Amino acid sequence: MPPVDDEPVPARSLPESPISPAKVRAAGWRLADLWLPAVVLRESALTHNLDRFARWCREHGVDLAPHGKTTMAPQLWSAQLDRGAWAITAATVAQARIMREHGVPRVLIANEIVEPGQLAWLSGALADPGFEPLCLVDSDAALDLMLRHLPPAARPLPVLVELGVPGRRTGMRDAADALDLAERVARSERLRLAGIEGYEGVLPQHRDADALASARAWLDRLVDLLVRADERDVFADAEEIVVTAGGSGYPDLVADAFAAIPPLSRPVRRVIRSGCYLTHDDLGYERSSPLRSGADPDPLLPALSCFARVLSCPEPGRALLGVGKRDVSFDVDLPVVRAVHRGGERIPAAGQARVVELNDHHGFCDTEPGLLRVGDVVELGLSHPCTVFDKWQLIPVLDENDRVIDAIRTIF
């Protein structure tokens, strides 16, 4: 396949389409040249977040395997690896395949794999000494399917036993059952028990006392499972023991829990998997992240925004924007109005206008009467970047002077 940098792809917010990232960099465009609506990345905020979180991980003694499914962008995976990421995390084997094709050396597939064809692909990938996949298992039934359908490979497939949250998604509910499963994995010739995994991101992501106590209690269970598994000598063939959890809401709680792990029979690799730190956001992670503004002197910065045109002002206090569910995230929060751009001027408008509904291609915006006019450009802040990147194949990157200096290619 052509390198990402040189591959022309459809680009609905750029004046020319299809186009490659390399050609975008040479085009000399500005924000005013974009076709709206346009989701953009700010280079300064993106670089700040990459550097800030890499430093935070070093300070807290954890490795980072960021959720690459957040962006599915090889250029951004490279930036994370360049800053010391231990691996990139995928949610599916299909994502892991794309990551391998684009040079990611280690992929943690944070999911169960029971599809025969996908297990066959993993078996083939294990023949590549430059690529290490890891995956999860959470039941005897899943383990039986893995052992039945995983063809003989050049080396055993590294597997982590997953601890889950009752009522939520995958992962074993009972620690005793998880220990028994770990022993079964350790006895297998085709699998290698690499460690213990969980994901506290399925718990309520708030900073109130009850939510924090719930997350800490579950993380204590995860650490206890790790210690009890080691006591059963299930890691005898391992050079190190991997323990991993951590989304972008509670990485501090995970780091604290991992710091309390007592000495085990093997060195412990403590891995968090935060991914949305890369762009942060205006609402969801700004509420929950330990590196949110007001909670840290050097906070993460919102790096994603959307620019949309006012199409109609059909009644006082109501404007219709040319942006909808096909363009921006809406699963956690609706976009927020940051500013109005008119005649080359940026007019702050926070608190003066509110997006109240999204259709496929229209945004309903309630405003102070007279604030918005047809033709104005509204700057929107977004929430939950995971459901923004998948809507755009090519995302322009702007510098502080609104020049388009790059474009990020996504592969979903």
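Key figures for this structure:
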read-out: Rg(Cα) / (2.2 N^0.38 Å) computed for the stretch 146-222, rounded to two decimals; value: 1.34
read-out: Local net charge near CYS313, Cβ-Cβ under 13 Å (Lys/Arg +1, Asp/Glu -1); value: -1
read-out: Normalised convex hull volume, the stretch 163-289, alpha-carbon set, Å³ per residue; value: 111
read-out: Listed peptides 166-172, 376-382, 14-20 by packing density, highest first (mean Cβ within 10 Å); value: 376-382, 14-20, 166-172
read-out: Kirkwood Rh in Å, taken over the stretch 272-371 so that all alpha-carbon pairs contribute; value: 14.9
read-out: Relative contact order [Cα under 8 Å, 6+ residues apart], the chain, whole percent; value: 20
read-out: Descending principal axes extents, the stretch 91-239, alpha-carbon based, whole Å; value: 48, 34, 28
read-out: Average Cα contact separation per residue, the stretch 67-274, under 8 Å, 6 or more apart, as relative contact order %; value: 14
read-out: Using a Förster distance of 35 Å, the FRET efficiency for ASP237-ARG169 (Cβ separation, nearest 0.05); value: 0.75
read-out: On Cα atoms only, tilt of 175-187 relative to the major axis of the chain in degrees; value: 70
read-out: ILE113 long-range amide H proximity, modeled H, under 5 Å; value: LEU136
read-out: Residues ALA154 and ARG342, FRET efficiency given R0 of 56 Å [Cβ-Cβ distance, rounded to 0.05]; value: 0.35
read-out: Relative contact order for the stretch 43-180, counting Cα pairs under 8 Å that sit 6 or more residues apart, in percent; value: 16
read-out: At R0 = 25 Å, FRET efficiency that the Cβ-Cβ distance of SER188 and ILE261 yields, to 0.05; value: 0.50
read-out: Principal axis dimensions, the stretch 1-152 - Cα atoms, whole angstrom, descending; value: 57, 39, 28
read-out: Estimated vicinal HN-Hα couplings, Hz - the stretch 18-35 in sequence order (Karplus 6.51, -1.76, 1.60; Gly, Pro = x); value: x, 7, 9, x, 4, 6, 4, 4, 8, 6, x, 6, 10, 3, 5, 7, 6, 7
read-out: Descending semi-axes in Å of the stretch 217-352, equivalent ellipsoid built from Cα gyration tensor; value: 47, 15, 12
read-out: Degrees separating the helix 43-59 axis from the principal Cα axis of the chain, which is the longest one; value: 30
read-out: Formal net charge of residues neighbouring LEU372 (Cβ-Cβ distance under 15 Å; K, R +1; D, E -1); value: +1
read-out: VAL202 versus GLU368: modelled label distance in nm, points set 7 Å from Cα along the beta carbon direction; value: 4.6
read-out: For the chain: Kirkwood Rh in Å [reciprocal of mean 1/r, alpha carbons]; value: 22.7
read-out: The chain - mean residue ellipticity at 222 nm from DSSP helices (-39,500 (n - 2.57) per run, n ≥ 4, rounded to 500); value: -8500 deg cm²/dmol
read-out: Relative packing of peptides 85-91, 204-210 - highest average C-beta neighbours within 10 Å first; value: 85-91, 204-210
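Bear in mind these aren't lab numbers, they're just calculated from the coordinates by the rules spelled out. Just so it is clear, the structure is predicted and the values come from calculations on it, not from any experiment. No Cβ is skipped: glycine too gets one built from the backbone with ideal geometry, and neighbour counts run over all protein chains shown.
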